[in-house]
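Worksheet: the structure to be examined is printed underneath.
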There are 2 protein chains.
Amino acid sequence: MKKNFEEMSYDELLTEFKNIIKANGLKFTSQREAILRTLYDNPQHFTSENLYMLVKQRHPDLTIGIATVYRTLALLEENSLVSSISLGIQGKKFEIANKPHHDHLICKECGKIVEFGNEKIESLQHQIAKENGFELTDHLMQLYGVCSECKKET
Amino acid sequence: MKKNFEEMSYDELLTEFKNIIKANGLKFTSQREAILRTLYDNPQHFTSENLYMLVKQRHPDLTIGIATVYRTLALLEENSLVSSISLGIQGKKFEIANKPHHDHLICKECGKIVEFGNEKIESLQHQIAKENGFELTDHLMQLYGVCSECKKET
DNA sequence: TATCATATGACTATCATTATCAAAAAGGTG
DNA sequence: CACCTTTTTGATAATGATAGTCATATGATA
């Protein structure tokens, strides 16, 4: 039973996070809150390292280590509060999962990510699955290319 | 100017490889040939490590190191003779690029993989890239679901 | 607030990939 | 074929992202 966190406010997400924490016998900490807050306020794609630095910048009083960022991102991802994409050589990036479903267009040169949604493709995917006797539950679609700015630089 | 290597025989691929090598002022070596040959004879997805072991097995007289496998895969990929996909935690996998383009429908229960191609989706992807100022070079599309056999077993 | 399990940060370990470098091999050239 | 130059090679070290370890700190519960 997968939760749907689309369009949730920060308070709603926080409540969900606390419920998940409680349900798993874990503890609510200021580090975990700071990470969720930072992800919420900056709905972009972060590497673990980028997020670590931004959390420190936004919460100067808080001591936090990179290991905690990795651990918290893993916890959030397991519970579908953040989603991630793997970008080969450029590493793994995370984003908060309170946005409507979308796929990614990725620049191979600079790593820029553009989000898009396309109903026609979604419906074709379901059709393909159906034709093959599959019940579609999920998909991964990443388009790779070179963005206009990187094309100029060539 | 991207070459299309679909349906090429081994000899044709080898000739292409030699041309690429010559055009770049590089040298043709038995290690490079063994890697191409092994990829051709085994049109599956390999990690660098898997491929390294298979090449050694199939060419016992040849000395070859893992570094050469990495270097040759990079060379082949740069020149579109092999393609790769990044599978998150499962790492990067390579396959020879003489097959018609296809995507994958994957059963989450039994791991069965069905290959499919869909022109409409391809053309929509190009359209999306264009709308965002990207020049599309590649894409990754994997559909996840439950196949008919696994549905029965539930 | 006392207790105790979990979380933390600093550190170390791991793993895939990449870089280094001396020795070997390719491939022109005469 | 022998020579010469450049590239390639394998072994190994280096790297960098992520995961594990552990003593201490900190939440949650009573």
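Can you tell me which residue is farthest from B:ALA129 (Cα to Cα) among those in region A:114-154 that are at the interface with chain B (Cβ under 7 Å from one of its Cβ atoms) and of a type in the set (Ser, Thr, Tyr)? My answer is A:THR137.
Does region A:67-80 contain any residue that is closer than 29 Å to B:GLU131 by Cβ, at pLDDT below 95, within 16 Å of DNA strand D (Cβ to nearest atom) and surrounded by 14 or more Cβ atoms within 10 Å (Cβ to Cβ)? For region A:67-80, residues closer than 29 Å to B:GLU131 by Cβ, at pLDDT below 95, within 16 Å of DNA strand D (Cβ to nearest atom) and surrounded by 14 or more Cβ atoms within 10 Å (Cβ to Cβ): absent. Checking the stated criteria, A:SER86 turns out to be within 16 Å of DNA strand C (Cβ to nearest atom), modelled with pLDDT under 90 and under 11 Å from the mean Cα position of the chain (by Cα). Residues in region A:11-28 that are exposed (fewer than 14 other Cβ atoms within 10 Å of the Cβ) and either away from DNA strand D (no atom under 14 Å from the Cβ) or not in a helix (DSSP H, G or I) (or both): A:ASP11, A:GLU12, A:ASN24, A:GLY25, A:LEU26, A:LYS27, A:PHE28. Being within 16 Å of DNA strand C (Cβ to nearest atom) and out of contact with any His (no Cβ under 7 Å at 6 or more places or on another chain) is true for just one of A:LEU76, A:LEU105. Which residue is that? Selected residue: A:LEU76, the only one of A:LEU76, A:LEU105 that is within 16 Å of DNA strand C (Cβ to nearest atom) and out of contact with any His (no Cβ under 7 Å at 6 or more places or on another chain).
Within region A:48-65, can one find any residue that is within 9 Å of DNA strand D (Cβ to nearest atom), out of contact with any Lys or Arg (no Cβ under 8 Å at 6 or more places or on another chain), charged (D, E, K, R) and away from every other protein chain (no Cβ under 14 Å)?
Just the residues of region A:48-65 that are within 9 Å of DNA strand D (Cβ to nearest atom), to begin with: A:48-49, A:63, A:65.
Within this subset, residues satisfying the condition of being out of contact with any Lys or Arg (no Cβ under 8 Å at 6 or more places or on another chain) are A:49, A:63, A:65.
From what's left, charged (D, E, K, R): A:49.
Within this subset, residues satisfying the condition of being away from every other protein chain (no Cβ under 14 Å) are A:49.
Taking every residue of region A:48-65 in turn, at least one turns out to be within 9 Å of DNA strand D (Cβ to nearest atom), out of contact with any Lys or Arg (no Cβ under 8 Å at 6 or more places or on another chain), charged (D, E, K, R) and away from every other protein chain (no Cβ under 14 Å).
A:TYR40 meets the conditions (1) touching a residue at least 40 places away in the same chain (Cβ under 8 Å); (2) within 14 Å of DNA strand D (Cβ to nearest atom) in every case but one. The failed one is (2). The set of residues from region B:41-59 being surrounded by fewer than 17 Cβ atoms within 10 Å (Cβ to Cβ) and under 17 Å from B:LYS99 (Cβ atoms) comprises B:ASP41, B:ASN42, B:PRO43, B:GLN44.
Among the conditions (1) of a type in the set (Asp, Glu); (2) within 30 Å of A:LEU140 (Cα to Cα); (3) surrounded by 15 or more Cβ atoms within 10 Å (Cβ to Cβ), the only one that B:GLU33 does not satisfy is (2).
Restricting attention to region B:1-10, the residues that are open to solvent by 90 Å² or more (accessible area, probe 1.4 Å) and under 17 Å from B:ASN98 (Cβ atoms) add up to 4.
The values are calculated or read from the model by the stated rules, or taken from the named source; none is laboratory data. Just so you know, these numbers come straight off a predicted model, no measurement behind them. Please note: Cβ atoms are built from the backbone with ideal geometry, for glycine as well, and neighbour counts cover all protein chains shown. Surface areas here come from the heavy atoms of the whole protein model, side chains and all, with no ligands, DNA or RNA. Shrake-Rupley method; radii C 1.70, N 1.55, O 1.52, S 1.80 Å.
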